[in-house]
Amino acid sequence: METINLRRHYSRNTLFRMVLLALAAAALMIWKFDLINAVYFKDQLTATGLVINGAILVLFLLGLLRAISILLGYMSEEAALTRFVRNIEKRPDLDPLKGVSTGTMIARRYATMRRLHEARSPINQNALAATLVASESTRNGLPRFINNILILTGVFGTIVSLSMALIGASDVLENAVSASGMGMVIHGMSTALSTTITAIV
């Protein structure tokens, strides 16, 4: 029997790269702590920036934890697939699911194909693969959703900050120029803010 080539440690390698990236980011934050402190914490007149940036960080960590849990699940799936292939290659006369959890993808696929074979039904691999992709896409949708929300949240924070800056500028300039033009600018920014909030919700 021809040996099946598998990428047996793809999820583990991805997790390892994520850990290395996190360590590099932590080292960069420690190295540039003065810059981070000046940008995010020093001389802040309101807590708006801290609240919005904190919300972005919480969303990011939630998506990251979900991605890690998904990769850990795929590590067990890879181990089950490796054991299944090894069982077939070494002992094809025995049960190929020996030592393989019944809840894994390969066990479910094998059970489905066996039922179809016993019922003498045609086995449509494309349909089975499409079903698996659909179920996995549903399970893995949260990180993608959070990724999109993070972009919108960043836009939200930018608009809030610009609105605050324009309000401050209007207070400074109201005695020197007509306030109607500045009021229209602030109205446009507040409208953009409300539409961004609606898009996020």
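A few points about this structure:
- Residues of segment 118-144 that turn out to be under 12 Å from the mean Cα position of the chain (by Cα) and without any contact (Cβ under 8 Å) to a residue 12 or more places away in the chain, as a count: 2
- Among the residues of segment 100-123, the ones that are over 13 Å from I88 (Cβ atoms), in a helix (DSSP H, G or I) and β-branched (V, I, T) come to 1 in all.
- Single condition N53 does not satisfy, out of (1) surrounded by 14 or more Cβ atoms within 10 Å (Cβ to Cβ); (2) at pLDDT 80 or above: (2)
Results for (1) over 20 Å from E77 (Cα atoms); (2) at pLDDT below 75, shown as yes or no for each residue.
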| site | (1), (2) |
| --- | --- |
| G99 | no, no |
| A107 | no, no |
| A127 | yes, no |
| N147 | yes, no |
| I151 | yes, no |
| A165 | yes, yes |
| S178 | yes, yes |
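The values are calculated or read from the model by the stated rules, or taken from the named source; none is laboratory data. On a predicted model such as this, the values are computed, not experimentally measured, just so you know. Note that each Cβ is placed from the backbone with ideal geometry, even for glycine, and that neighbours are counted across all protein chains shown.
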